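J.: Take this structure first; my questions come after.
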Amino acid sequence: MVLSKRNEDIGEMIFFYCPNCWSRIKEDERICPECKAEIKSFDHLSYFERLVRALNHPERTTRIRAAYILVDLGDPRAIKPFTEVVEKPRGIEDVFFIEMVAIALGKLDREGALPILIRLMDHPSFLVRRAALNSLSKFRNEKALKVIKKALKDPSPNVQELAQKILKTQ
């Protein structure tokens, strides 16, 4: 998959990655030396499928960009890969990426996103909890309301304040 060469104009290095295991590969590599996947076999993937695969890219900015684009597509199929990413232990540690996933799930505004948003309200980072709470505010049902009320007792004053604001407007 793309991303390697020396860009002589700006002196920066671009890297290529295997689209299967995300190991670094040489530009002309046909078979990944790590996972033995045939690089060309991934050419048939749709744009959506490539974005979903990019949610597991080793570079955070690529993962965040993929999540952002998936939201712009507005495809409800994105809920499942977002959920899978959050459930991976590596994903939970990347606070900024998980925050983006919480925002993305809110923008998709589908009932299927509700369980993972509720789960994210238990995340150790207030940034993730705040993003999840903001996304939960779009759901007008008892489950979401119950979690929003519970957020009034969140350890973070930022989350408490947002919960108060949400409850005043509902």
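No lab work stands behind these numbers, since they all come straight from the coordinates. Bear in mind the structure is a predicted one, so any value in this text is a computation, not a measurement. With ideal geometry, Cβ positions are generated from the backbone for all residues, glycine too; neighbour counts draw on all protein chains shown.
J.: Evaluate the Debye formula for region 45-169 with equal point scatterers sitting on the alpha carbons, no solvent, and hand back log10 of I(q)/I(0) at q = 0.11, 0.12, 0.19, 0.21 Å⁻¹, in q order, two decimals.
T.: -0.34, -0.41, -0.96, -1.13
J.: Anyone know which of Asp109, Asp28, Asp94 comes out most mobile in the 10 Å Cα GNM of the chain?
T.: Asp28
J.: Another question about this same structure. Checking the table Lys107/Lys143; Lys26/Lys88; Lys88/Lys153; Lys146/Lys168 against a 20 Å threshold on Cα-Cα, which pairs fail?
T.: Violating the 20 Å Cα-Cα cut-off are Lys26/Lys88; Lys88/Lys153.
J.: Cut-off is 10 Å between beta-carbons; in what order do Ser135, Ser41 appear when sorted fewest neighbours first? Before the final figure, lay out the partial values.
T.: On the way: Ser135 24, Ser41 11.
Fewest to most other Cβ atoms nearby, the residues stand as Ser41, Ser135.
J.: Do any GluC sites (Glu not before Pro) in region 23-86 lie in a DSSP loop with no more than 10 other beta carbon atoms within 10 Å, and if so, which?
T.: Values: sites: Glu27, Glu29, Glu34, Glu38, Glu49, Glu59, Glu84; in loops: Glu27, Glu29, Glu34, Glu59.
Here no loop site has a sparse enough neighbourhood.
J.: If you don't mind, another one. May I ask you to compute the full-extension gain from Ile69 to Thr169, defined as 0.36 nm times their residue separation minus their alpha-carbon distance, rounded to one decimal in nm?
T.: Details: separation 100, 0.36 × 100 = 36.00 nm, distance 2.94 nm.
Once the chain is fully extended between Ile69 and Thr169, it gains 33.1 nm.
J.: Report, in whole Å, the centroid distance computed from the Cα atoms of region 107-170 and region 35-75.
T.: 28 Å
J.: I want the local charge near Met100. Using Cβ-Cβ distances under 10 Å, sum +1 for each Lys or Arg and -1 for each Asp or Glu among the other residues.
T.: Residues close to Met100 contribute a combined charge of +1.
J.: Continuing with the same structure: For the chain, take the longest principal axis of its alpha carbons; what is the angle in degrees between that and the long axis of helix 157-169, to the nearest 10 within 0 to 90?
T.: So the helix axis and the longest Cα principal axis differ by about 60 degrees.
J.: Calculate the dipole size of region 45-169 relative to its Cα centre from +1 charges on Lys and Arg beta carbons and -1 charges on Asp and Glu beta carbons; express the result in debye to the nearest 20.
T.: Once rounded to the nearest 20, the dipole reads 320 debye.
J.: Pick out, from Thr83, Leu152, Met121, the residue whose Cα sits farthest towards the positive end of the charge dipole of region 45-169, with +1 on the Cβ of Lys and Arg and -1 on the Cβ of Asp and Glu.
T.: Going by the charge dipole, the pick is Leu152.
J.: Same structure, new question: Could you work out the helix-only [θ] at 222 nm for the chain, with each DSSP H run of four or more residues adding -39,500 (n - 2.57) and the total divided by the number of residues, to the nearest 500 deg cm²/dmol?
T.: Computed mean residue ellipticity for the chain: -15500 deg cm²/dmol.
J.: Still on this structure, please answer the following. If you add up the charges near Pro33, with Lys and Arg at +1 and Asp and Glu at -1, over every other residue whose beta carbon is less than 13 angstrom from its beta carbon, what do you get?
T.: 0
J.: Relative contact order of the chain, please, whole-number percent, based on alpha carbon pairs below 8 angstrom and at least 6 residues apart. Mind showing how you got there, number by number?
T.: Numbers: 211 pairs, mean separation 18.9, N = 170.
Taking the mean separation of contacting Cα pairs over the length of the chain, I get 11 percent.
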